[in-house]
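Notes for the one structure printed next.
The values are calculated or read from the model by the stated rules, or taken from the named source; none is laboratory data. Just so it is clear, the model here is predicted, and its values are computed rather than measured. All Cβ positions, glycine included, derive from the backbone under ideal geometry; neighbour counts span all protein chains shown.
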Amino acid sequence: MAKLTLEELRKLRDSQKQEFRNRKGCTHYILTCGGTACQSNKGVEIYDGLIAEAEKQGVKDKVQVIKTGCFGFCERGPIVKVLPENSFYVDVKPEDAEEIISVQVKGGKEIERLMYKTEDGKVAPKAGGSHADLPPIGFYQKQERVVLRNCGVINPEVIEEYIANSGYVALEKALFEWKAEDVINELKTSGLRGRGGAGFPTWMKWDTTRKVQNDVKYVVCNADEGDPGAYMDRSTIEGDPHSVIEAMTVCGKTIGSNQGFVYIRAEYPLAVQRLEIALKQAKEYGLLGKDILGSGFDFDIEIRLGAGAFVCGEETALLRSLEGQRGMPTPKPPFPAIAGLWGKPTVINNVETYANISAILVKGGAWFAGMGTEKSKGTKVFALTGKVVNSGLVEVPMGTTLREIIFEIGGGIKHGKKFKGVQTGGPSGGILTEKSLELPIDFETLAANGSMMGSGGMIVMDEDDCVVDVARFYMDFCVDESCGKCSPCRIGTTQILHILEKISRGNGEESDLDKLESIGKAMAKASLCMLGGTAANPTLSTVKNFREEYMEHIHDRKCRSGKCKNLVRYEIDPEKCKGCGACAKKCPADCITGEKKKPFTIDQVKCLKCGECFKNCKFDAVIRS
């Protein structure tokens, strides 16, 4: 690669667009999911197998196989998409490679057994309209992919494919067409707010740093995604790293910075690898480094690995870690926009925020503002996980209801179970109930109902989940992740955890609920950072929305879900027991005894209360009380 001038970049884009449309002259273009989840599920073997079969069957010149980023439909991965037919294959196995090449590439026929089927067993119809390029299934039909626009579409390790899809057009504008004020105004028109959780207007943060007089300023990307179950930022970098690089460079030009840092979790090796490849390619083409595109503007980006501390998702703690100090929050003001990294003015946004920037600058702020609600514009990416049929990455316009996401996009609750609640915002968010399903998702609505947007984790719970156990899990997480700097968080999280453990053991008192609420409110007021300020949200929301379940634990010494083992007892009904011995075979404690065709019994002293007997009895003879 050689460094490009502006004219050469435009010529490259035009030629790559044509080549991208023609799929490099091949009859078939096969996209294989190269995200972490699919790669860990034999995705690499599928990719290698397709290439090997194409060569073996003599069609290697007619087919191109590439790894993309995450398609989003993680529940049914590994996924393979074949163009031009737009065939969307799910649950693909390495041994399917031979058939994909022989039947579709050589024979021209789609493979029905691999295609996604609706509940009635019929192959889903092809998508149309604005969703024509998306897989033909309901999971995608209410989504609007802005952040994820290139994930599952391009090869993230080939910069030319990003360039072909309007890549670095926003940088061109920032370097040669627009003044810094123009970029700020376009972001202001868009209404983009930070997607890391706080929802602060992006334009205002950039503009504040731009106006500070200082020879040294920094641009930082927060890729330290720490919420349990969240993987939005990881997947964005894995599938479209250049969108972050381009946006950070645009930010640098806008605010007057020459240096950027991406602070990313070391537990994301694939994302780190693809980011390193993308940075190297951008530098080779002269899109990073000295005199970018001959503009006279210098900007570089370095990667810094985080050790996985949840508190380093808080911006001041992250900056301290970047400086080589212990990751602990510092009081604000001053805010990082004025005095951040090494005391210099610093813009810090998360991955999803940056991934929106180039699309906004190319298509216009008004286009972005046309999606969403009055105060929450654009789209939001969620990691939809838990007891939902279709788990995966979901990007929807702000204002989409929880019901639409969980029951239409997500397909409802697994195994026909009853919906119980949904946790939004990770350990900092609350648990919303069935009465909240019609709520539109935006910053203000979630906060007003005891939860929060957070970075985008969304964990669905069913009737088998215990809210006391869930609250205890999140508080245990917060105790481990608290930096310990301030007393409200350090002491408050520990005290709440002790009370929740006491209730789950059957030793709770009704007055404990008042204590939980008073401690939680004190933490919200007095904690130094939002980790402590919001750590009690799961507990407070469950006490409010599921008070009767807490009362069962306290007064009846009963856990209806069977998750609090001290409150559970398993017995065998002799009238229903057929003496098959299935329960005894599955028991890890060997505490179930009996003779064939006669009722079995459980030794309560030895019983671990694991529930395996309850799960495996076909005759409903095991009773949980």
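If you go through segment 92-116 and keep only what is exposed (fewer than 14 other Cβ atoms within 10 Å of the Cβ) and modelled with pLDDT under 95, you end up with Gly107, Gly108, Lys109, Glu112, Arg113. Filtered by the rule that a residue be in a helix (DSSP H, G or I) and more than 10 Å from Phe619 (Cβ to Cβ), segment 567-582 gives a lone residue, Leu567.
Within segment 219-232, can one find any residue that is surrounded by 21 or more Cβ atoms within 10 Å (Cβ to Cβ), over 30 Å from Pro488 (Cα atoms) and of a type in the set (Ser, Thr, Tyr)?
no
Pull up segment 393-416, narrow it to residues that are of a type outside the set (Val, Ile, Thr) and closer than 11 Å to Met458 by Cβ, then point me to the one that is surrounded by the fewest Cβ atoms within 10 Å (Cβ to Cβ). Taking the candidates together, the pick is Leu402.
Tell me yes or no: at least one residue of segment 69-83 is modelled with pLDDT under 90, touching a strand residue (DSSP E or B) at 6+ places or on another chain (Cβ under 6 Å) and surrounded by 15 or more Cβ atoms within 10 Å (Cβ to Cβ). Yes; the residues of segment 69-83 include at least one that is modelled with pLDDT under 90, touching a strand residue (DSSP E or B) at 6+ places or on another chain (Cβ under 6 Å) and surrounded by 15 or more Cβ atoms within 10 Å (Cβ to Cβ).
All conditions but one from (1) in contact with a Lys or Arg (Cβ under 6 Å, 6 or more places away or on another chain); (2) aromatic (Phe, Trp, Tyr); (3) closer than 22 Å to Leu361 by Cβ apply to Tyr285; the one that does not is (1). When Glu186, Glu225 are checked against the criterion of being in contact with an Asp or Glu (Cβ under 8 Å, 6 or more places away or on another chain) and in contact (Cβ under 8 Å) with a residue 12 or more places away in the chain, Glu225 stands alone in meeting it. Among Ala278, Ala247, Ala271, which is modelled with pLDDT of 95 or more and touching a Ser or Thr at 6+ places or on another chain (Cβ under 7 Å)? Unique residue meeting the criteria: Ala247. In this structure, Val543 does satisfy being of a type outside the set (Ser, Thr, Tyr) and at pLDDT 90 or above. Does Thr353 satisfy the condition of being in contact with a helix residue (DSSP H, G or I) (Cβ under 8 Å, 6 or more places away or on another chain), assigned to a helix (DSSP H, G or I) and either over 28 Å from Gly229 (Cα atoms) or in contact (Cβ under 8 Å) with a residue 60 or more places away in the chain (or both)? The answer is yes for Thr353. Working only within segment 306-322, note down all residues that are outside any helix (DSSP H, G or I) and small (Gly, Ala, Ser). Across segment 306-322, the qualifying residues are Gly306, Ala307, Gly308, Ala309.
Per this entry, Phe614 is counted among residues that are touching a residue at least 24 places away in the same chain (Cβ under 8 Å), closer than 20 Å to Lys565 by Cβ and within 41 Å of the chain's Cα centre (by Cα).
Here Ala471, Ala524 are screened, and the one residue that is surrounded by 19 or more Cβ atoms within 10 Å (Cβ to Cβ), closer than 17 Å to Pro427 by Cα, out of contact with any strand residue (DSSP E or B) (no Cβ under 6 Å at 6 or more places or on another chain) and not assigned by TED's automatic domain parsing to the domain that holds Ala383 is Ala471. Residues that are surrounded by 15 or more Cβ atoms within 10 Å (Cβ to Cβ) and not in a helix (DSSP H, G or I) within segment 177-199 comprise Trp178, Gly191, Leu192, Arg193, Gly194, Arg195, Gly196, Gly197, Ala198, Gly199, listed in sequence order.
Checking each residue in segment 480-538 for being farther than 26 Å from Asn566 by Cα, out of contact with any Gly (no Cβ under 8 Å at 6 or more places or on another chain) and not in a helix (DSSP H, G or I) picks out Gly484, Lys485, Leu528, Cys529.
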